[in-house]
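K.L.:
Pasting in a structure now, in structure tokens, and then I'll have a few things to ask.
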Amino acid sequence: FLSAAPYFCGGSVSDSSGVLQSPNYPGDYPNDADCVWEIQVENNFRVTLTFRDIEMQSGTCQQDYVEVYDGPLHSSPLLGRFCSGSFPTYVSSSNMMSVRFHSDSRYSFRGFQAHYSSIPAGHNTSKFFVCLDKPPYCFCLQNKYFCEFKDICGN
Ligand SMILES: [Ca+2]
């Protein structure tokens, strides 16, 4: 029997913006990986996370996947799990967000790259959208809603 050692990665992230990506990106990610990034930005800010690329073993997203949590990993709601085909954006309800990448024991692909940034929490946010002071001005927080990409918030 061959037993692969798990590949650990991730860590704490506290810059106001940055890039998260799977190990070796854009090369193939390792098998048996489990990475958790815990993003914490300044108090009174929220974390926005936008995926720019994602290519993983697809299907039901049980083998290889990315999960986004609205805060610390083990105590926060799951905002989404996915593995290919979509480029979602997430916004946290506090100044913390966690991102988990998992791969199983075989078949690897390019993985993912995502950009995060922090935005001030304030009146320009609701449960449905977040306003920004620069394009695209509006992030929708639920996939079933679509923002018109214009300055709907009066900035
Ligand atoms: Ca796999």
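K.L.:
Compute the length gained on full extension between TYR25 and ARG52: take 0.36 nm times their separation in residues and subtract their Cα-Cα distance, giving the result in nm to one decimal. Can you show the working numbers first?
P.N.:
Values: separation 27, 0.36 × 27 = 9.72 nm, distance 1.24 nm.
Extending this stretch completely gives an extra 8.5 nm.
K.L.:
Please give the FRET efficiency for SER86 paired with ASN44, using the beta carbon to beta carbon distance and R0 = 41 Å, rounded to the nearest 0.05. Don't jump to the answer; show the numbers that get you there.
P.N.:
Values: r = 30 Å, r/R0 = 0.73.
Efficiency at R0 = 41 Å is approximately 0.85.
K.L.:
Continuing with this model, one more query. Find how much the distance from ASP15 to SER117 grows on full extension, using 0.36 nm per residue of separation minus their present alpha carbon separation; answer in nm with one decimal.
P.N.:
Working: separation 102, 0.36 × 102 = 36.72 nm, distance 0.86 nm.
Extra length from ASP15 to SER117 when fully extended: 35.9 nm.
We did not get these values from a lab; they are worked out from the coordinates using the rules stated. Just so it is clear, the model here is predicted, and its values are computed rather than measured. Note that each Cβ is placed from the backbone with ideal geometry, even for glycine, and that neighbours are counted across all protein chains shown.
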